[in-house]
1. Please work out which residue is nearest to Ile181 (Cα to Cα), limiting yourself to segment 32-74 and to residues that are assigned to a loop (DSSP other than H, G, I, E, B) and of a type in the set (Ser, Thr, Tyr).
2. So is Ala361 surrounded by 19 or more Cβ atoms within 10 Å (Cβ to Cβ), outside the structural domain of Phe127 (by TED's automatic domain parsing) and either under 30 Å from Phe126 (Cβ atoms) or not polar (S, T, N, Q) (or both) or not?
3. Going through segment 366-383 one residue at a time, which ones are buried (at least 16 other Cβ atoms within 10 Å of the Cβ) and part of a loop (DSSP other than H, G, I, E, B)?
4. Which condition from (1) without any contact (Cβ under 8 Å) to a residue 40 or more places away in the chain; (2) crowded, with 18+ Cβ neighbours inside 10 Å is the one that Ser42 breaks?
5. Provide a single number: the residues in segment 485-504 that are among the charged types (D, E, K, R) and either surrounded by 20 or more Cβ atoms within 10 Å (Cβ to Cβ) or not assigned by TED's automatic domain parsing to the domain that holds Gln443 (or both).
6. Sort through Val213, Val224 and tell me the only one that's surrounded by fewer than 20 Cβ atoms within 10 Å (Cβ to Cβ), out of contact with any helix residue (DSSP H, G or I) (no Cβ under 8 Å at 6 or more places or on another chain) and not hydroxyl-bearing (Ser, Thr, Tyr).
7. Suppose the filter is under 27 Å from the mean Cα position of the chain (by Cα) and loosely packed, with under 15 Cβ neighbours inside 10 Å; does Thr463 pass it?
8. Out of segment 330-352, which residues are of a type outside the set (Asp, Glu), within 21 Å of Glu315 (Cβ to Cβ) and modelled with pLDDT under 95?
Amino acid sequence: MKRVVLALLSFGVVLWCLNVRGGVGLDGLTILQKGRSRRATSTARDKSGNYDPSSNWDNRLVKSGESCTLADLKGPGIIKHIWITFPDKHPSWISKVGCADPSEIVLRMYWDGREKPDVESPLGDFFAGGFGIRMTVNSVPVQVENGRSYNCFWPMPFRKSARIVITNESKKPLVALYWNIDWVQKESLSPDSPYFCAQYRREFPCQRGKDYVILDAEGRGHYVGTVLSVRSRSPQWFGEGDEKIYIDGEEKASIWGTGTEDYFLCAWGLRECNFPYFGVPYTEGVREIGSKTVAYRWHVGDPIVFNKSIRVTIEHYGWISADETAANKINGFTERTDDYASVAFWYQVGPSKKFTALPSAAERKLPEIDTIFAGKDYGERIPHGIGKAVTQEGHLWTNGGQILYRPPEAEGAWLEAPFTIAKHEPKCLVLVLTHSYDFGTYQVSLDGKPMGRPINLYSPETTVKEHHIGNFWIKPGRHVVRLECTGKDPRSSGHWLGFDSLRVRQRREIVSKYAHDKDLE
């Protein structure tokens, strides 16, 4: 009898994993599941609402400010998979004005007729693509192919109904929106089946004296994942902050980590990677002002259980440069005020608590920290050496254009970008340059002083990249950035240069009384 009871309990656990958690695995496919598979889709329909085999018009247009219901399901059931795609934001043959950005599209999910959503996030962030950046994510619950197809495999149970809505908060239309939502209709669900929840939050910048809050929830359930997007506002490494998780109302966190990269299961920094349960799908480096990093951590094998409440926080601590300290010494563990955005993922019994309000699309946009000297604004009168400098139009570049400099050879090839500094402040100088198959190698100098090594602008495909020139205290007045050709990559067919813009980037507040010693003469 005891063996029979144990067998029934084991079988019940398997069924619970299959029906609620969705984690079948290959071995689980040999156990038949109960229910009926269904799909909500954007497939073309006729006037009667039936599938239209004569039409290939399988997408929808969502105008600015409008919403579109992707699924309106009657339960009980479990959503098993969500697939969504739409074009890039730039103008194309699909849309001359381009398409809404992933950060401007809001994804909301409503369970069992609730007025407030249990899932609320910009679409890109929900799929581990922070700041609206298109990227590849190769994990178990979330998979994104080159920023094109967005796939979610989080199982989402519901008893009475499920409604999934997308809202376009962009000034541009959301064109050619396709979706498939696969779910299994059930006869019943366990009374303890938890609801899937997700919530976006951001601080631009983080508040001094307070740890960054990722989640503050009440109820019973388990925490299953974090997406964190960071833009650095100071030089040096941002990620020394520990995660601190407070369970069931405790005053001191009982789960306390050892550093930001450690929480995301990396070590000695955050480098681009994609693993089943953790990854860094995007990073521009972690030691430059304005650089962006996106990381995910899924607690699939190690869900964090809570019975009354959970509060998930992380310190925004890291290294700071000498002129950001009163002692004028580099500090390896101090509070920083970078820009943080996050999405918390969890399951809980009953409706979720709204611990934050979703900011508008304008408020979710990173604040501008650059004074931009666009190549297009210099025009063809920009100082240059041999060859021609022309304005080239295109959506890749700032203000819709760049200066394309076309010297016939390296000797005598140079281009200058004069700019003016109004106030004596710490600045980061950034050059945005085009890389392509016929571009040369250029040495950058500032007011006649070489800055770093020559930049190889060759690339088999045309891309636009930022190049950090340095962090300085620059005196007020006129200055000149010069790019001088030193040759070319052996694979390049020319010595050309694409000058998108020069950017004078703001740093956070500087407190050192010795800061003037860092003046660039």
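1. In the first step, residues of segment 32-74 are kept if they are assigned to a loop (DSSP other than H, G, I, E, B); the result is 32-35, 42-44, 46-50, 52-59, 63-66.
Filter again for of a type in the set (Ser, Thr, Tyr), leaving 42-43, 48, 54-55, 64.
Values: Ser42: 9, Thr43: 11, Ser48: 21, Ser54: 22, Ser55: 20, Ser64: 23 Å.
So, considering only residues that are assigned to a loop (DSSP other than H, G, I, E, B) and of a type in the set (Ser, Thr, Tyr), the one nearest to Ile181 (Cα to Cα) is Ser42.
2. Working: surrounded by 19 or more Cβ atoms within 10 Å (Cβ to Cβ): yes; outside the structural domain of Phe127 (by TED's automatic domain parsing): yes; either under 30 Å from Phe126 (Cβ atoms) or not polar (S, T, N, Q) (or both): yes.
The answer is yes for Ala361.
3. Residues of segment 366-383 that are buried (at least 16 other Cβ atoms within 10 Å of the Cβ), as a first pass: 366, 369-370, 372-376, 378, 382.
Matches in segment 366-383: Leu366, Ile369, Ile382.
4. (1)
5. Of the residues in segment 485-504, the ones among the charged types (D, E, K, R) are 488-489, 491, 500, 503.
Filter again for either surrounded by 20 or more Cβ atoms within 10 Å (Cβ to Cβ) or not assigned by TED's automatic domain parsing to the domain that holds Gln443 (or both), leaving 488, 500, 503.
Residues that pass the stated criteria total 3.
6. Details: Val224 fails: surrounded by fewer than 20 Cβ atoms within 10 Å (Cβ to Cβ).
The unique qualifying residue is Val213.
7. Working: under 27 Å from the mean Cα position of the chain (by Cα): yes; loosely packed, with under 15 Cβ neighbours inside 10 Å: yes.
It is true that Thr463 is under 27 Å from the mean Cα position of the chain (by Cα) and loosely packed, with under 15 Cβ neighbours inside 10 Å.
8. We begin by selecting, within segment 330-352, every residue of a type outside the set (Asp, Glu); these are 330-334, 336-337, 340-352.
Narrowing the set further to residues that are within 21 Å of Glu315 (Cβ to Cβ) leaves 330-334, 336-337, 340-346.
Across segment 330-352, the qualifying residues are Ile330, Asn331, Gly332, Phe333, Thr334, Arg336, Thr337.
The values are calculated or read from the model by the stated rules, or taken from the named source; none is laboratory data. Since this is a predicted model, take the numbers as computed values, not measurements. Cβ sites come from the backbone with ideal geometry, for glycine too, and all protein chains shown count toward neighbours.
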